[in-house]
Amino acid sequence: MTPTHDAIGIWLAAVCTIAIYSILYRENVLFRLFEHILIGLATGYGAYIVVTQVLHPLWYTPTFEEGRWYDIFALLTGALFYTIFSRRLAWMSRFAMGVLMGLGAGLGIVGFITELAPQLQASFKPLNTINNVMVLVTVLTVMSYFFFSREHGRGLAASSRLGRWLLMVGFGAIFGNTVMARMSLFIDRANFFINDWAPQVKHLALWLWAHLT
């Protein structure tokens, strides 16, 4: 029986999956080995993506093939980050960090205006349906929970208590969605074991039986 490339890939995937899931039993050397392999592969793949999809098309091509010579300053600014590893030159990294933080602040403001502002506007709806009423009650009570400018009286305490419960409902829904996403990944792996790996195990068992009996 000569293994094909698909069969070898299936066996490798099965071994990797079993090794990673072995953490469910206890911490072990096999899990740590494949964890390091996964991190190494992810790091290498990430570097490949950066070079092929970011640096080359977005920096190298415009700079050296399209004549945008001023893009060279992007490389110089990025290189300043690596001066953090030198005690003598570490002060230079602050320039790059300042530029990055400034860009981040600017993009944050743009993101707030373009993404959060429409969400705030959508929270104010006509009270003609039960859903709109629930949205308004949720927004007001949750905001009252985070109101710390004065001591909560009886009315504000009741509103903040309801807001806390509604926050818990929201967090529970988010957690449930996370659990469902993890279960989807597990179902995919279980489907792989049943439909892909199990036939390979059967073929191997039949081959061993034919040649050893």
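The values are calculated or read from the model by the stated rules, or taken from the named source; none is laboratory data. Owing to the predicted nature of the structure, the values given are computational and were not obtained by experimental measurement. Glycine also receives a Cβ, built like all others from the backbone with ideal geometry; neighbour counts cover every protein chain displayed.
Among residues that are over 30 Å from Ala74 (Cα atoms) and touching a Pro at 6+ places or on another chain (Cβ under 8 Å), Asn132 is included.
Just one of (1) surrounded by 10 or more Cβ atoms within 10 Å (Cβ to Cβ); (2) on the phi > 0 side of the Ramachandran plot fails for Gly67. It is (1).
Yes or no, residue by residue, for (1) within 30 Å of Val15 (Cα to Cα); (2) touching a residue at least 12 places away in the same chain (Cβ under 8 Å):
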| residue | (1), (2) |
| --- | --- |
| Leu103 | no, no |
| Glu115 | no, no |
| Val133 | no, no |
| Met143 | no, yes |
| Ser159 | no, yes |
| Leu212 | yes, no |
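The sole residue among Met92, Met101 that is in contact with a helix residue (DSSP H, G or I) (Cβ under 9 Å, 6 or more places away or on another chain) and within 23 Å of Val50 (Cβ to Cβ) is Met92.
Restricting Thr63, Thr52, Thr114 to those that are in contact with an Asp or Glu (Cβ under 9 Å, 6 or more places away or on another chain) and either of a type in the set (Ser, Thr, Tyr) or in the same structural domain as Arg189 (by TED's automatic domain parsing) (or both) reduces the list to Thr63.
Restricting segment 155-213 to residues that are among the hydroxyl-bearing types (Ser, Thr, Tyr) and under 20 Å from the mean Cα position of the chain (by Cα) leaves a set whose member that is farthest from Thr17 (Cα to Cα) is Thr178. What is the number of the single condition among (1) within 29 Å of Ser160 (Cα to Cα); (2) within 24 Å of the chain's Cα centre (by Cα); (3) surrounded by 10 or more Cβ atoms within 10 Å (Cβ to Cβ) that Met97 does not meet? Every condition holds for Met97 apart from (1).
Only residues that are of a type in the set (A, V, I, L, M) and either surrounded by 12 or more Cβ atoms within 10 Å (Cβ to Cβ) or touching a residue at least 40 places away in the same chain (Cβ under 8 Å) (or both): list them for segment 161-176, please.
Answer for segment 161-176, where residues must be of a type in the set (A, V, I, L, M) and either surrounded by 12 or more Cβ atoms within 10 Å (Cβ to Cβ) or touching a residue at least 40 places away in the same chain (Cβ under 8 Å) (or both): Leu162, Leu166, Leu167.
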